[in-house]
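Written out below as structure tokens is the structure these notes cover.
The values are calculated or read from the model by the stated rules, or taken from the named source; none is laboratory data. In this text, all values refer to a predicted model and were calculated from it rather than measured experimentally. Neighbour counts are summed over all protein chains in view; Cβ atoms, including those assigned to glycine, are modelled from backbone coordinates with ideal geometry. SASA here: full protein model, heavy atoms, side chains in, ligands and nucleic acids out. Shrake-Rupley method; radii C 1.70, N 1.55, O 1.52, S 1.80 Å.
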Amino acid sequence: MTMPEEPAEPEYRQRRFTAPPGAADLLLIRHGESAPARASRPFPLVDGQGDPELAPDGLTQAELIAKRLGDEHFDALYVTTLQRTAQTAAPLAARLGLTPRVCPELREVFLGEWEGGVFRQKVAERDPLAERLWAEERWSVAPGAEDDEAFAARVRTGIERIAAEHAGQRVAVFTHGGVIGQALALAARSRPFAFVGADNGSISQLVVHGPQWIVRRYNDIAHLTS
């Protein structure tokens, strides 16, 4: 007499991450290296903010970003009001045949009296106020700088607007180091500067599904080092 086979025991395997249905997949790409700051030649200003163009190395980084992402699908590209993001996006936009849209909310944090390249000088010289800014993790330590809560609010507004317009889609957002740091800090509910310091030309990834923000990648520079 043949004994009936026992039913197979269920197996529960680990699975790869799957974005929730309708989530927006945002690649946050920091602009390439911009021109060096010189005391004798302040950066031009746009609405009070320094607007340097890309340095030669920054243009190379833009090409490497396009090479890395050029065979992938994107539903839209975004830049900010500052030219270094548009210049960084240009090679990928040309390769994909997409016209970048502008998201003014994701422009860099306003540094008040330290705009035009002064911030870099203060940091390099280890100015006491610059040291305090890093220690306290507050941009508003810089004289006349943007309020930290106001900066966080406008970054949230920009991310939420893009995510709402691109539910279920994939978007490349060319933006700034301070903005990337703020967006990921909001997602992770971390210290304000926990994610400040993304390299020029790096890729970070944020999946947004309503109030749920999921950090998937930070400071990916594989395309810059290979």
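Which numbered condition in (1) under 18 Å from Q121 (Cα atoms); (2) open to solvent by 40 Å² or more (accessible area, probe 1.4 Å) is the only one that P7 fails?
Going through the list (1) under 18 Å from Q121 (Cα atoms); (2) open to solvent by 40 Å² or more (accessible area, probe 1.4 Å), P7 breaks only (1).
Each row is one residue, and each column tells you yes or no for (1) out of contact with any helix residue (DSSP H, G or I) (no Cβ under 7 Å at 6 or more places or on another chain); (2) in a helix (DSSP H, G or I); (3) aromatic (F, W, Y).
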residue	(1), (2), (3)
P20	yes, no, no
L26	no, no, no
I29	no, no, no
F43	yes, no, yes
P52	no, no, no
Q61	no, yes, no
A66	no, yes, no
H73	yes, no, no
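What pairs come up if the first residue lies in the stretch 8-22 and is under 30 Å from R170 (Cα atoms), the second is open to solvent by less than 100 Å² (accessible area, probe 1.4 Å) and acidic (D, E), and their beta carbons are under 9 Å apart, counting only those six or more places apart or on different chains?
A19/D25
Which residues, taken from the stretch 88-121, are touching a residue at least 60 places away in the same chain (Cβ under 8 Å), of a type in the set (A, V, I, L, M) and either surrounded by fewer than 19 Cβ atoms within 10 Å (Cβ to Cβ) or in contact with a Leu (Cβ under 7 Å, 6 or more places away or on another chain) (or both)?
If the condition is that a residue be touching a residue at least 60 places away in the same chain (Cβ under 8 Å), of a type in the set (A, V, I, L, M) and either surrounded by fewer than 19 Cβ atoms within 10 Å (Cβ to Cβ) or in contact with a Leu (Cβ under 7 Å, 6 or more places away or on another chain) (or both), then A89, L92 are the ones that fit.
In the stretch 97-113, how many are part of a helix (DSSP H, G or I) and closer than 21 Å to A153 by Cβ?
The total comes to 4.
Inspect all residues belonging to the stretch 77-96 and state whether any of them is more than 18 Å from the chain's Cα centre (by Cα), farther than 23 Å from F151 by Cβ and assigned to a loop (DSSP other than H, G, I, E, B).
Within the stretch 77-96, none of the residues are more than 18 Å from the chain's Cα centre (by Cα), farther than 23 Å from F151 by Cβ and assigned to a loop (DSSP other than H, G, I, E, B).
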